[in-house]
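The values are calculated or read from the model by the stated rules, or taken from the named source; none is laboratory data. Keep in mind the model is a prediction, meaning the values are calculated, not measured. Cβ placement follows ideal geometry from the backbone for every residue including glycine, while neighbour counts extend to all protein chains displayed.
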Amino acid sequence: MHIDIAILGAGITSSAIAFELSKYNKNVVVLEEENDVSLKTTKANSGIVHAGYDPKPGTKMARLNVEGSLLIHELYPLLNFHYEQIGSLVIGSSEKDHQIINDLYERGVQNQVRDLRILKTADEVHHLDPNLNPQIDYALYAPTAGITSPWELCLALAYTAKVNGVDFVFDCKVLDITKNGDVFDIKTSQGNYQATYVINCTGTHADEIYKMVLKDRQDESFEITPSKGEYYLLDKDQGHLVNHVIFQTPTELGKGVLVSPTVHHNLIVGPDADYEFATKDDTDNLQKGLDYVRDSAKRSTDKINFGSNIRNFAGIRATIKGFDDFFIEESKAVPHFINFAGIKSPGLSCGPAFGKEAVRMLLLSGMNLTLKTDFKYYRLPTFFSNMTLREKEESIKNDKDYGQVICRCETVTLAEIKNAMHAPLPGTTIDAIKRRTNAGMGRCQGGFCGPKIFEIIKNEFHLSYDEVYQDRKGSKIVLEETKGK
């Protein structure tokens, strides 16, 4: 099968590029080894839309962060993902902190971040966030920072790409890539594809994919170093503890441990940065990392009740050792092969800007791109829990399944679950339904609704018990019958 552009991976970077390319008359396919979008770095994300003051001026990271955060603000009413522009504070309580904050302000000005200002007294800081520790007396205030749902943003972009003609192929592992003349031969577990351009967005495995196509030109390669970050997700009784995204002053390891509300009114705390024990695919929590996050967060506020923790998770970030920027460029050794690699924080914030950047690069590379006349945005359905009373009554009137609540913690209805199973990219597992509807995200973490959703999936798709997965392919919930019928 010949295609114009093959995008490898289906996280936020890939989905944003697919979204932007779906505006043009090109044959585009996304090849993803997992069974859904956003299953790796994108899923295990703090959901922060960074303002753009932190990246070094003149870098791709700085430019794309500022552009991307503005685009997210423009897109959320069009695509209907959860987003709030709540602003962020970088807090300090020492002369060293004050200097770092002053430097970040100057960076932000150079990066053209709007409306930045420094709060120079404890009164100013605590007026904005009263629950911060009393010794905090200085802060950088960035009102354009925000919070979003990473998987919702990714799904909204991917759905729009899908309804505008981009093909998504899941359970499709890339096995080899060879350049023959002007065409890439891509060997996958789902068959072979031929493409004129390849865009590599495979996160922690981007170096391995690039080495496939380089063959004997490995001097052009790069090495991904994984960094692991641990998180606490606290219940909604903690969600209003702080009003903004709270950062401590950054170190050489990154932006440090943050404390922030989420768009679903929880509180998120984390991450650390573990390079010593991190591997590319191991997201198991480590007590050492969780203890570090907990102790570090207390320097921001000592009012967090960690007894309200409902979930811990860990994410893996892709970094390139000694390279403090995104590795975004067309290969010099293999023309028409484009790497989007080393996409660490603020990668989510840059998402929509990655799509714009890919278009710019393709045009510079000589591709002819003509806009479609029938492009349309796909709006995510409004959560039942977010509807007005009148909207809820009207929904139940039109579809009685809206009157049956399956997830009590998050007030998710049967209609929403069925809609998620028949979306442009259907949710076919329990966690896929969770990402699309929030079912199972609440205090009981699916203890009540999980078995019900299991049965709904089984019946809707006519599956046997051992064909219903928790998330990734093969993550069986029921292994076998223990008694005869």
Out of Leu64, Leu70, sole residue that is touching an Asp or Glu at 6+ places or on another chain (Cβ under 9 Å) and either of a type in the set (A, V, I, L, M, F, W, C) or not in a strand (DSSP E or B) (or both): Leu64
Regarding the range 53-61, can at least one residue be identified that is crowded, with 24+ Cβ neighbours inside 10 Å, modelled with pLDDT of 95 or more, of a type outside the set (Phe, Trp, Tyr) and outside any loop (DSSP other than H, G, I, E, B)? yes
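Residues are listed down the side, and each one gets a yes or a no for (1) polar (S, T, N, Q); (2) in contact (Cβ under 8 Å) with a residue 60 or more places away in the chain; (3) touching a strand residue (DSSP E or B) at 6+ places or on another chain (Cβ under 9 Å):
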{"site": "Ser260", "(1), (2), (3)": "yes, yes, yes"}
{"site": "Asp282", "(1), (2), (3)": "no, no, yes"}
{"site": "Glu329", "(1), (2), (3)": "no, no, yes"}
{"site": "Asn339", "(1), (2), (3)": "yes, yes, yes"}
{"site": "Gly342", "(1), (2), (3)": "no, yes, yes"}
When Leu89 is evaluated against the numbered criteria (1) touching a helix residue (DSSP H, G or I) at 6+ places or on another chain (Cβ under 8 Å); (2) farther than 23 Å from Val257 by Cα; (3) of a type outside the set (Ser, Thr, Tyr), which criterion, by number, is the only one it fails? (2)
Across the range 9-22, what is the total count of residues that are outside any helix (DSSP H, G or I) and in contact with a strand residue (DSSP E or B) (Cβ under 8 Å, 6 or more places away or on another chain)? 3
Unmet criterion (only one of (1) out of contact with any Pro (no Cβ under 8 Å at 6 or more places or on another chain); (2) within 21 Å of Lys43 (Cβ to Cβ); (3) not in a loop (DSSP other than H, G, I, E, B)) for Asp282: (3)
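Looking only at the range 254-271, decide whether some residue is under 16 Å from Ala318 (Cα atoms) and in contact with a helix residue (DSSP H, G or I) (Cβ under 8 Å, 6 or more places away or on another chain).
Narrowing the range 254-271 to residues under 16 Å from Ala318 (Cα atoms): 254-255, 271.
If we keep only those that are in contact with a helix residue (DSSP H, G or I) (Cβ under 8 Å, 6 or more places away or on another chain) as well, we get 271.
Checked the range 254-271: at least one residue is under 16 Å from Ala318 (Cα atoms) and in contact with a helix residue (DSSP H, G or I) (Cβ under 8 Å, 6 or more places away or on another chain).
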Which residue pairs have Cβ atoms closer than 9 Å, lie 6 or more positions apart in sequence or on different chains, and pair a first residue in the range 48-76 that is under 17 Å from Ile328 (Cβ atoms) with a second residue that is surrounded by fewer than 24 Cβ atoms within 10 Å (Cβ to Cβ) and among the aromatic types (Phe, Trp, Tyr)? Lys60/Phe327
I need every pair where a residue in the range 401-426 that is under 27 Å from Phe170 (Cα atoms) and without any contact (Cβ under 8 Å) to a residue 12 or more places away in the chain has its Cβ under 9 Å from the Cβ of a residue that is assigned to a helix (DSSP H, G or I) and not β-branched (Val, Ile, Thr), sequence separation at least 6 or different chains. His422/Glu460; Pro426/Ala420; Pro426/Ala432
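Checking the condition among the charged types (D, E, K, R), within 23 Å of Trp151 (Cβ to Cβ), surrounded by fewer than 20 Cβ atoms within 10 Å (Cβ to Cβ) and not assigned by TED's automatic domain parsing to the domain that holds Glu32, which residue from Lys418, Lys400 passes?
Details: Lys400 fails: within 23 Å of Trp151 (Cβ to Cβ).
So the residue among Lys418, Lys400 that is among the charged types (D, E, K, R), within 23 Å of Trp151 (Cβ to Cβ), surrounded by fewer than 20 Cβ atoms within 10 Å (Cβ to Cβ) and not assigned by TED's automatic domain parsing to the domain that holds Glu32 is Lys418.
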Is at least one residue of the range 108-127 crowded, with 17+ Cβ neighbours inside 10 Å and among the acidic types (Asp, Glu)? no
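Please give the strands (runs of 3 or more DSSP E) falling wholly within the range 188-268 in which 1 or more residues are in contact with a Ser or Thr (Cβ under 7 Å, 6 or more places away or on another chain) and under 30 Å from Lys26 (Cβ atoms).
Correct list: 224-234.
Table: residues versus (1) part of a strand (DSSP E or B); (2) free of Cβ contacts under 8 Å to residues at least 24 places away in the same chain; (3) within 22 Å of the chain's Cα centre (by Cα).
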site: Ile136; (1), (2), (3): no, no, no
site: Ala139; (1), (2), (3): yes, no, no
site: Ala158; (1), (2), (3): no, no, yes
site: Gly165; (1), (2), (3): no, no, no
site: Ile177; (1), (2), (3): yes, no, no
Out of (1) buried (at least 24 other Cβ atoms within 10 Å of the Cβ); (2) in contact with a strand residue (DSSP E or B) (Cβ under 8 Å, 6 or more places away or on another chain); (3) more than 19 Å from Ile209 (Cβ to Cβ), the odd one out for Ala6 is which? (3)
